[in-house]
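Report on the following structure.
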Amino acid sequence: MKSIHCGPFVPILVLGRAALILAAVAGGGALIAAPPPASPDPAFRAGLADGLNVSSVASLALQGDGKLLIAGSLKGGPDLPNPSLARLLADGRFDPAFNPPGDPMSVRAVTGLRDGRILIAGSFRITDGVNARTNRARLLADGSLDASFDAGPGPAAAHLLELDDGRILVAGTSVSTSEGVKSAIVRLHEDGRLDEEYATTPVEGQVTAIAKGIGGELYLLGTFYEPVFPVRPKLILRLREDGSLDPSFQEPDFLVGSRAMVSTPEGGVIVSSSDGMGPSGDVEIAVIRLHRDGTRDPEYRPRVLGRVTFILPDGGVPNPPSIQCMVGQPDGRLLIAGKFDRVNGIRRNNVARLNPDGSLDTTFDPGVGPVSSGDPISYLVTSALLARNGGIYLAGPFSRYNGQALAGLVRLQGDPLPRMESRRGEAGQVVAVWIGSPGESVEFLLSPDLLSWTPWTTATNETGIVAVPLPSTGVGFLRGWTR
């Protein structure tokens, strides 16, 4: 039986002899009004029934079944087995079926693997009474330790990425030992063994963000030192699939204080860069789109500002305004979050969304946004994640969101999903773009009169977006269904 979702009609598109109306239709044929984007999702109330207090979230991850993994500093009632790792159900309640080891640990990164198991990294030593794991471990779906994964002792880590072949990238800070330098990034086999063929020249320094490129290459953001870079530290690198440095990517010389990064469909990346405080007390935070060769896109120039509210006696600024996290959406828009108050001259408190050209998306208005009770120093949003329904999870040490008592973790409404848009393809043809949830199957049908419908094509939505070329001649209508 087909599951039919709602979405908005888009304007009639006329190109030569082709006129098409694109729509995603509700079961009864009606269009359902959706809450405005950036408003809190009332169906998600993290911890309100369980006494959850999220003081600091280092990492968020979604599992294939839609459950949310959170890692950081958590407080809760007796049902919270570990104060550093928890799993939430779709409505925000604790998942009672998830019971990770109770050993004290600091989990800095968590990711849900495709087979349902869970990988964690950080600074910890956990045991199930028989097996012990240090800083890197794999858990079964119920949270118990997976004895078949043994990465051995390794330095603390803060970033994880599962590759298409099942191997794992683990990134953090390099460590010098009597045996030499342990690289800031390593690749592990599925059973946890170190892949000796990856990054044979160690990457020295600290990784603050990672992003996978469209060709399998890996971007690293952070601070990276000699002997690989004898002149000055580099702030961004690109590694080939084998972990070797890609010299064709030239690091720009204008990055300062970069904390967040996402890859782009064109093969480049978008990064943040914070300048020092100006005479007015503002810090300008640049959002920079880099081409594949490392050069800057001159047409992409959002202007993000944050006012310094606290200065130390010596003139220092603790936790100056910056962008702490970015989330790229399938439609090309970009969520930014951290500590700022204006975007392109318009008030936006700590959360905003940019259009693909860098302009402010005015339909995404968080209002007062995340605020803290009396804390002028902390970054109020430290983690963000795209939800399966098009919404956005935000986490950080905030106590309220837009006037509501939503502490530490909130899910914001996104744009109604699924929806369809019309665009021009590279050859100038008309393309229908379906924006929905990864993993769904989408059937497209054509009609000359809105009465009789003929199947056009079926596609699996792998990434959240599906592009379908349309007939070049004739007049008709297109409809999309999910099932």
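The values are calculated or read from the model by the stated rules, or taken from the named source; none is laboratory data. Being a predicted model, the structure only gives us computed values, none of them experimental. Methodologically, a virtual Cβ is constructed for each residue, glycine included, from the backbone with ideal geometry; neighbour enumeration extends over all protein chains shown.
Say whether the condition of being polar (S, T, N, Q) and either free of Cβ contacts under 8 Å to residues at least 24 places away in the same chain or closer than 25 Å to S273 by Cβ (or both) is met by at least one residue in segment 212-233. Yes, segment 212-233 contains a residue that is polar (S, T, N, Q) and either free of Cβ contacts under 8 Å to residues at least 24 places away in the same chain or closer than 25 Å to S273 by Cβ (or both).
Inside segment 346-362, residues that are under 20 Å from the mean Cα position of the chain (by Cα), surrounded by fewer than 23 Cβ atoms within 10 Å (Cβ to Cβ) and part of a strand (DSSP E or B) make up a count of 1.
Rundown of residues vs (1) within 20 Å of D361 (Cα to Cα); (2) assigned to a strand (DSSP E or B); (3) not assigned by TED's automatic domain parsing to the domain that holds P330, yes/no style:
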site: G267; (1), (2), (3): no, no, no
site: V271; (1), (2), (3): yes, yes, no
site: S274; (1), (2), (3): no, yes, no
site: S280; (1), (2), (3): no, no, no
site: I285; (1), (2), (3): yes, yes, no
site: I288; (1), (2), (3): yes, yes, no
site: D293; (1), (2), (3): no, no, no
site: Y300; (1), (2), (3): yes, no, no
site: V304; (1), (2), (3): yes, yes, no
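Somewhere in segment 97-116, is a residue of a type in the set (S, T, N, Q), in contact with a Lys or Arg (Cβ under 7 Å, 6 or more places away or on another chain) and under 19 Å from A184 (Cα atoms)? No. Exactly one residue among P448, P416 is touching a strand residue (DSSP E or B) at 6+ places or on another chain (Cβ under 9 Å), within 28 Å of V368 (Cα to Cα) and at pLDDT below 85, and that residue is P416.
Evaluating G192 against the criteria (1) surrounded by 17 or more Cβ atoms within 10 Å (Cβ to Cβ); (2) small (G, A, S); (3) not in a loop (DSSP other than H, G, I, E, B) leaves one unmet condition, (3). Counting only residues that are outside any strand (DSSP E or B), within 21 Å of A43 (Cα to Cα) and touching a Ser or Thr at 6+ places or on another chain (Cβ under 6 Å), segment 363-396 holds 2 of them. The numbered conditions (1) at positive phi; (2) surrounded by fewer than 21 Cβ atoms within 10 Å (Cβ to Cβ); (3) touching a Leu at 6+ places or on another chain (Cβ under 6 Å) are all true for T454 except (1).
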